[in-house]
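Engineer: Provided herewith is a single structure, encoded as structure tokens, for subsequent inquiry.
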Amino acid sequence: MVRRSLTALVLLVIVVPAILLGGILFFALIGFFIVLASWEFVQMFREAEYEPSVYLSVGGTLAIAAARAFWPREAETVFTFLVLLALIVHLIAYERGREQAAFDFLVTVGCFIYLGWIGSYLIDLRALPYGVWWVMFALPIIWLTDAGAYLIGARYGRHYMTPRLSPKKSWEGYLAGVFTGTFYGGFFAFAYSTFGPLHVTIWQGLLFGFALSALSLFGDLGESLFKRFGLMKDSGNLLPGHGGAFDRVDSLIWGGVIGFYWIHFFLLK
């Protein structure tokens, strides 16, 4: 618990200035985590005897994120050509004797889609009008949801949600996380509308917090699915007490895309 808390504190010291300053520093932060997560993603499937292209998966994920950050009009073009390039790479692998090359291709493209394209919504969130405020609205809700679920679930969890995917997750922890995220959604709406430039009612903040806290769980469970497939407990050992990079961004990936579209459709004036 102490090691986990110290790691979280160090991450906050690094992450919060990057969010506030934005630009290349924020891109470097997001790029660092999704690139490492893509490498971990590939290793999970390699443990299951698939052979997605490591260099193409990692490099392609970074290229997609860079395009979304700096050349958004070209992002779809970059993504499209990466998919075609991946097919060429795995066609060659098949010709050289790799019988499962078609499945390897699907894993490589899955990395592009999930970590490159969907993961880059964290960058799009920061690019919204008043983006720094929206990021500091959405991401703390995810962090506090995780904290609330962990604290209550570890102590009082009795009814397990997904014993195959994530044996330690309980309904008690999940409901505690949703309550925490919903509460802080209302709190941040009040605080940022009173002392900042946002115009969000408490009720809108509560709904926003509820949506993020209720749905971000699926990002966590999705990563658990990949880990179970590769017979791994953690995606890596980058962060003491927290596992790998993918372990840290699994919920944030969902938080980024849900937050972006919820803000875009319901909260932007």
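Engineer: How big is the equivalent ellipsoid of segment 58-135 along its three axes, where each semi-axis is √(5λ) from the Cα gyration tensor, reported in whole Å from largest to smallest?
Structural biologist: 31, 11, 7
Engineer: What's the local net charge at LEU139, with K and R +1, D and E -1, over the other residues with C-beta under 12 Å away? Numbers along the way, then the final one.
Structural biologist: Values: positive: ARG126, ARG248; negative: ASP146.
The answer is +1.
Engineer: Can I ask one more? Between PHE266 and ARG158, what FRET efficiency comes out of the Förster formula 1/(1 + (r/R0)^6) with R0 = 22 Å and r the beta carbon distance, rounded to 0.05? Numbers along the way, then the final one.
Structural biologist: Numbers: r = 36 Å, r/R0 = 1.62.
Approximately 0.05, to the nearest 0.05.
Engineer: Packing-wise, with mean Cβ within 10 Å as the measure, how do 217-230, 118-131, 158-171 rank, highest first?
Structural biologist: Values: 217-230: 18.8, 118-131: 20.8, 158-171: 14.2.
Going from most to least packed, we get 118-131, 217-230, 158-171.
Engineer: Another question about this same structure. Please compute the contact order of segment 1-153 in relative form: average sequence separation of alpha-carbon pairs under 8 Å and at least six residues apart, divided by the residue count, as a percent. Present the calculation step by step, with values, prior to reporting the outcome.
Structural biologist: Numbers: 129 pairs, mean separation 40.6, N = 153.
Relative contact order of segment 1-153: 27 percent.
Engineer: With N set to the residue count of segment 122-269, report its C-alpha Rg divided by 2.2 N^0.38 Å to two decimal places. The partial results should precede the final answer.
Structural biologist: On the way: Rg = 15.7 Å, N = 148, 2.2 N^0.38 = 14.7 Å.
Normalised Rg, Cα atoms only: 1.07.
Engineer: With each run of n ≥ 4 DSSP H residues scored as -39500 (n - 2.57), what mean residue ellipticity at 222 nm is computed for the chain after dividing by its residue count and rounding to the nearest 500 deg cm²/dmol? Each step should come with its number before you reach the end.
Structural biologist: On the way: 11 runs with 197 residues, N = 269.
One gets -25000 deg cm²/dmol as the mean residue ellipticity at 222 nm.
Engineer: Continuing with this model, one more query. Ratio of alpha-carbon Rg to the 2.2 N^0.38 Å globular estimate for segment 60-101, to two decimals, please.
Structural biologist: Numbers: Rg = 13.2 Å, N = 42, 2.2 N^0.38 = 9.1 Å.
The value comes to 1.45.
Engineer: Going by amide H atoms built from the backbone, whose H comes under 5 Å of the H on THR162, apart from near neighbours?
Structural biologist: Long-range HN contacts for THR162: LYS169.
Engineer: At what distance in nm do the modelled label points of TRP71 and LEU85 sit from each other, each positioned 7 Å from its Cα along Cα→Cβ?
Structural biologist: So the label points at TRP71 and LEU85 sit 1.1 nm apart.
Engineer: Using Cα positions and a limit of under 20 Å, work out the lysines in reach of LYS168, with same-chain residues fewer than 8 apart set aside.
Structural biologist: LYS227, LYS233
Engineer: Something else about it: Please list TYR156, TYR55, TYR114, TYR184 in order of solvent-accessible area, largest first, computed with a 1.4 Å probe with all protein chains present. Before the final figure, lay out the partial values.
Structural biologist: Values: TYR156 115, TYR55 200, TYR114 40, TYR184 70 Å².
Solvent-accessible surface, decreasing: TYR55, TYR156, TYR184, TYR114.
Engineer: Could you work out the Rg to Rh ratio of the chain, with Rh taken as the Kirkwood radius (inverse of the mean 1/r over all Cα pairs)? Walk me through the intermediate numbers first.
Structural biologist: Values: Rg = 19.0 Å, Rh = 19.3 Å.
Ratio of gyration radius to Kirkwood radius: 0.99.
Engineer: By per-residue mean of other Cβ atoms within 10 Å, what is the highest-first order of 139-149, 249-259? Write out the running numbers ahead of the final one.
Structural biologist: Details: 139-149: 22.7, 249-259: 25.1.
Highest to lowest by the protection proxy: 249-259, 139-149.
Engineer: Same structure, new question: ALA176: net charge of surrounding residues, Cβ under 11 Å, Lys/Arg +1, Asp/Glu -1, itself excluded?
Structural biologist: On the way: positive: ARG155; negative: ASP146, GLU172.
Charge balance in the 11 Å sphere: -1.
Engineer: Here's something else I'd like to know. What is the spin-label model distance, in nm, from GLU49 to PHE190 if the labels are put 7 Å beyond Cα along the C-beta direction?
Structural biologist: According to this spin-label approximation, the distance is 5.8 nm.
Engineer: Still on this structure: May I ask you to compute the full-extension gain from LEU21 to LYS233, defined as 0.36 nm times their residue separation minus their alpha-carbon distance, rounded to one decimal in nm?
Structural biologist: On the way: separation 212, 0.36 × 212 = 76.32 nm, distance 3.47 nm.
Residue separation times 0.36 nm, minus the Cα-Cα distance, leaves 72.9 nm.
Engineer: If N is the number of residues in segment 41-197, what value comes out of its Cα radius of gyration divided by 2.2 N^0.38 Å? Don't skip to the end; give the middle numbers.
Structural biologist: Working: Rg = 20.5 Å, N = 157, 2.2 N^0.38 = 15.0 Å.
The value comes to 1.36.
The values are calculated or read from the model by the stated rules, or taken from the named source; none is laboratory data. Computed from a predicted structure; not experimentally measured. Note: ideal-geometry Cβ built from the backbone for every residue, glycine included; neighbour counts use all protein chains shown. Remember, those area values only see protein heavy atoms, side chains included, never the ligands or the DNA or RNA. Shrake-Rupley method; radii C 1.70, N 1.55, O 1.52, S 1.80 Å.
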